Amino acid sequence: MPTKKAPRKKSLPTVYKCKRCLGWISVLKRKEHDCEIPTESSVTAILEDEPLEAWKKLKTFAESLGEQRIYCSKKSIMFARRVCYLFVRPKKKKIEICLFLDRKVTHSAFKEIKSYSKNRYSHVVEIYHEDSVEEPLTGWIQKAWELSGPN
């Protein structure tokens, strides 16, 4: 007569990913975990002088567009109205800007253009110094800001 196998017990995970800091935490230390939420200064701390000046100029311009939400993820700073229209990834010697437009814009400034959704395209630009934060980049940022607003 065949013997029945005992049902397997599901093993519980020993680590989990924190939704705030995106770090891996042991289940045993879960209650002690006090994650640090990234701040703008902690994300931009790696920047050298020239990209830091470019970041300040870019932020000033974006804030001048109007009411919006500016917040940080682990390695990026996001700018949003109803939806995110721009985010910045600070690197040591440059800042990488990704903005979302309703059509593909062909220009030598764009390092990469990808389809983001049915009617949005992400455009990536690398900035090395503050002189780069002017037309046509500011025009594209303003267009992205307008597209992200309430309809």
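The values are calculated or read from the model by the stated rules, or taken from the named source; none is laboratory data. It should be emphasised that the depicted structure is a prediction, and the values quoted were computed from it without experimental measurement. Backbone-built Cβ (ideal geometry, glycine too); neighbour counts: all protein chains shown. Quick note on the areas: whole protein, heavy atoms, side chains included, nothing else; ligands and nucleic acids left out. Shrake-Rupley method; radii C 1.70, N 1.55, O 1.52, S 1.80 Å.
Key figures
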item	result
Residue satisfying all of: in segment 138-151; assigned to a helix (DSSP H, G or I) and either within 18 Å of the chain's Cα centre (by Cα) or in contact (Cβ under 8 Å) with a residue 60 or more places away in the chain (or both); farthest from residue 62 (Cα to Cα) among these	147
Hits in segment 37-56 (condition: open to solvent by less than 40 Å² (accessible area, probe 1.4 Å) and of a type in the set (Ser, Thr, Tyr))	44
Pair list, Cβ < 7 Å and 6+ apart or interchain, from segment 16-44 residues that are modelled with pLDDT of 80 or more and assigned to a loop (DSSP other than H, G, I, E, B) to residues that are among the hydroxyl-bearing types (Ser, Thr, Tyr) and open to solvent by less than 80 Å² (accessible area, probe 1.4 Å)	38/73
Failed item, numbered, when residue 59 is tested on (1) in contact with a strand residue (DSSP E or B) (Cβ under 9 Å, 6 or more places away or on another chain); (2) open to solvent by 60 Å² or more (accessible area, probe 1.4 Å)	(2)
Which numbered condition residue 69 fails, given (1) touching a helix residue (DSSP H, G or I) at 6+ places or on another chain (Cβ under 8 Å); (2) more than 23 Å from residue 109 (Cβ to Cβ)	(1)
Residue list for segment 87-107, filter: surrounded by 19 or more Cβ atoms within 10 Å (Cβ to Cβ) and touching a Ser or Thr at 6+ places or on another chain (Cβ under 6 Å)	87, 90, 98, 100
Within segment 63-86, considering residues that are surrounded by 15 or more Cβ atoms within 10 Å (Cβ to Cβ) and in contact with a Leu (Cβ under 7 Å, 6 or more places away or on another chain), the one farthest from residue 40 (Cα to Cα)	85
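Yes/no per residue for (1) exposed (fewer than 11 other Cβ atoms within 10 Å of the Cβ); (2) modelled with pLDDT of 95 or more; (3) over 24 Å from residue 64 (Cβ atoms):
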| residue | (1), (2), (3) |
| --- | --- |
| 113 | no, no, yes |
| 118 | yes, no, yes |
| 125 | no, yes, no |
| 129 | no, no, no |
| 142 | no, yes, no |
| 147 | no, no, no |
